[in-house]
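The structure appears right after this line, and notes come after that.
The values are calculated or read from the model by the stated rules, or taken from the named source; none is laboratory data. Because the structure is predicted, anything quoted here is derived from the model rather than measured. When we count neighbours, we look across all protein chains shown, and the Cβ atoms used for this are built from the backbone with ideal geometry, even at glycine. All accessible areas refer to the heavy atoms of the entire protein, side chains included, with ligands and DNA or RNA removed. Shrake-Rupley method; radii C 1.70, N 1.55, O 1.52, S 1.80 Å.
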Amino acid sequence: MGNEIKKATEIVAVVATGGAIVPALAPAQTALDIVRGRNVVDSVVSNLPVVQTVKNVAAVLSGARVVVIDDTGTSGALGASWWAGSLLMSLLGRFDYQIKAHSWHQVAKELLEISSKCGGLKEVQFWGHGSPGEALIGSDAINADVLEREEWKALVGCFRSDALWWFRSCSTFNEAAGKSFAEKFSRRYNVRVGGYTQIIGAIQDGLQVLRPGDAAQWADGSSAGTNLATDMGHHLLGN
């Protein structure tokens, strides 16, 4: 930590002001973020006092909205699009927190911390790869077995009563393994879960939603997904 602080004091961040690029002394947290490899623009924006204040107040009132992205660097241009899209949506107020994930263990720990600060989790979206019955951060998978680990058991009770977890990953809810995972996840955390039965592509076809206590009865590879207007549309619209 001492070396990080020493290096941070030497950093001059370049920020956009009034259309011109001018040097400015980086805030302490931003400087530390840069030393640790975080994107400069992302760090500067997220550490602005007004952004932090608005995010904290909103999250405490309604529960935190979190986007989790695979940040392992194994997805090339697609991974870059996840980062850019999640940053844009965060700036537009869709998410209160962004987790740049390298493992599911990290995700569980950070979600527990966010929940304790915000009085619960309102929505979690995962952007990354998947396969039937699992979602992937690099080669690290979350599946029905992983939910039995202590860090994931600790998240029971951390979700608001109307919370949503959305796996925006290919095929996670497909086949018997996908349906079993959806049912277990929904029951364990008492949340609605959204996920896909197909390679989702640009139109994100195959979306299914399961409510706590319901059985997953969709067909393998089904493209007849949920009614977005009633089940998940309010989340897509940021309401």
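In the assembled protein chains, Y97 presents an accessible area of approximately 40 Å² (probe radius 1.4 Å).
The label-point distance for H102 and D205, in a model that sets each label 7 Å from Cα toward Cβ, rounds to 3.8 nm.
Rolling a 1.4 Å probe over the protein heavy atoms leaves K117 with an accessible area of roughly 110 Å².
Checking the cross-link pairs K153/K179; K153/K184; K117/K184; K109/K179; K100/K122 against a 23 Å limit on the alpha carbon distance flags K117/K184; K109/K179 as lying beyond it.
The coefficient of translational diffusion for the stretch 96-150, derived via Stokes-Einstein from the alpha carbon Kirkwood radius under 10 °C and 1.306 mPa s, stands at 131 µm²/s. When the inverse distances between all different Cα atoms of the stretch 72-208 are averaged and flipped, the Kirkwood radius reads 15.2 angstrom.
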